[in-house]
Amino acid sequence: MLAWPALSLLKKQYPDSTITVLIPSYTKPIAEVCPSIDNIIIDDQHKGTIADALHLSKKLNQYDFDASISLYSEMRTSLALWLSRIPRRIGPATKLAQLFLNKKLKQKRSSSQKPEYEYNLDLIRHFISLNTDTAVDTPQPPYLQFDALEITTLRKNYTNENNIDASKKLIF
């Protein structure tokens, strides 16, 4: 969820782009409902070996990405991006993994000077500035919305399944 504002800004800035995320399988259900994500690549290999990074790079090579934006700096993933020869590899200049990135942004995330999602937005703004584009206004929450009919249907099904008086307030 901390990536959603950044993904929303990226999609608003470049609406014709294809945004693919590399995520662990346990986050797939939330990624599938994110309106800013076009494709999902599942990555559950976290052994941290060079062979593992090579395997991931082969997987990424299939997509011929123009750029990558790493919201989180991690050695294995950064190495795989470099091995994949993705031309523009953007990410935080914070850990050793930055050696494999070629367009870095210095961030002091460990000092927690702002919320995590703000650091992610900064990386997207950095990418936009590297493209010499003028940034659009940052989209505002909520990032996930449901239409009224869907909410009414969900509420009705929930109250029926749980024998709750539909006229009562539901509090979670």
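The values are calculated or read from the model by the stated rules, or taken from the named source; none is laboratory data. Everything numeric in this text was worked out from a predicted model, so none of it was measured. FYI the Cβ positions are ideal-geometry reconstructions off the backbone, even for glycines, and counts take in every protein chain you see.
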Only residues that are of a type outside the set (Phe, Trp, Tyr) and surrounded by 12 or more Cβ atoms within 10 Å (Cβ to Cβ): list them for the stretch 1-17, please.
Leu2, Ala3, Pro5, Ala6, Leu7, Ser8, Leu9, Leu10, Lys11, Lys12, Gln13, Ser17
Contacts under 6 angstrom Cβ, first residue in the stretch 91-113 being without any contact (Cβ under 8 Å) to a residue 40 or more places away in the chain, partner exposed (fewer than 11 other Cβ atoms within 10 Å of the Cβ) and basic (Lys, Arg), 6 or more apart
Ala93/Lys106
Just one of (1) at pLDDT 90 or above; (2) surrounded by 11 or more Cβ atoms within 10 Å (Cβ to Cβ); (3) within 30 Å of Leu79 (Cβ to Cβ); (4) under 20 Å from the mean Cα position of the chain (by Cα) trips up Leu99, so point out which.
(4)
Conditions (1) among the β-branched types (Val, Ile, Thr); (2) within 15 Å of Tyr72 (Cα to Cα); (3) touching a residue at least 40 places away in the same chain (Cβ under 8 Å) -> Thr138 fails only (2)
Which members of the stretch 141-151 meet the condition of being farther than 18 Å from Leu2 by Cα and either outside any loop (DSSP other than H, G, I, E, B) or in contact (Cβ under 8 Å) with a residue 24 or more places away in the chain (or both)?
Ala148, Leu149, Glu150, Ile151
Hey, does the stretch 35-42 have a residue that's of a type outside the set (Lys, Arg), surrounded by 13 or more Cβ atoms within 10 Å (Cβ to Cβ) and closer than 21 Å to Thr138 by Cβ?
yes
Any hit, the stretch 1-21, residues being closer than 30 Å to Gln140 by Cα, in contact (Cβ under 8 Å) with a residue 60 or more places away in the chain and charged (D, E, K, R)
yes
